[in-house]
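Take a look at the following structure, please.
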Amino acid sequence: MAVPRIIRLNELIKRALSTIIQREFSHRTLGWVTLSRVIVSKDLQHARVFFTVLGDAHAEQHALHTLRHAHAFIRLHLARAVRMRYIPALIFELDEELKQALHVEQLLNQACPHARTTSHASSPDAAPHVPDNR
């Protein structure tokens, strides 16, 4: 089954790219970039690299431009770091998941302003959970 292999490959490439970006780019050049996930296609020809940047929209766009411009350089270093028959083409994308999650949470808070952020089970009024040891 190819799925566990692809998952391992995603993590391997993510770790290698994190090391390459940390060693080859200064924080002044690129900013504070964190790779969130890598998704390799089933045919192993392409790898979508999702990342976040600490900063505003300008910092995000600058990092995206810099990584896309340096994709061949990064791919060369990836080929040296990872032993594979074919090194996938790197497609860098901003990871919008966190922004979307925060936006949904903000909408939920606006829709239910009286709702508490903690769960009902953690409230002081809730009965303690007793495990059943049968």
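All of the numbers you see were taken from the coordinates with simple rules; none came from a lab. Just so it is clear, the structure is predicted and the values come from calculations on it, not from any experiment. Heads up, the Cβs are rebuilt from the backbone with ideal geometry, glycines too, and the neighbour counts pull from every protein chain shown.
For region 26-33, just list the computed ³J(HN,Hα) in residue order, Karplus coefficients 6.51, -1.76 and 1.60, θ = phi - 60°, integers in Hz, with x standing in for Gly and Pro.
7, 5, 6, 6, 10, x, 8, 9
Less than 12 Å Cβ to Cβ from residue 86, Lys/Arg counted +1 and Asp/Glu -1: what total charge do the surrounding residues give? All intermediate terms of the calculation are to be shown ahead of the outcome.
Details: positive: 75, 83, 85; negative: 43.
Here the count lands on +2.
Same structure, new question: Considering only DSSP states other than H, G, I, E and B, which GluC sites (Glu not before Pro) in region 1-101 qualify as loop sites with at most 13 other Cβ atoms within 10 Å? The partial results should precede the final answer.
Working: sites: 11, 24, 60, 93, 96, 97; in loops: 96.
Passing sites in region 1-101 are 96.
What does the charge count around residue 75 come to, taking other residues whose C-beta lies under 14 Å from its C-beta (Lys +1, Arg +1, Asp -1, Glu -1)?
It works out to a net charge of +2.
Same structure, new question: Can you say what percent of the DSSP beta bridges in region 3-111, counting only those with both residues inside, are antiparallel? Round to 5.
55 percent
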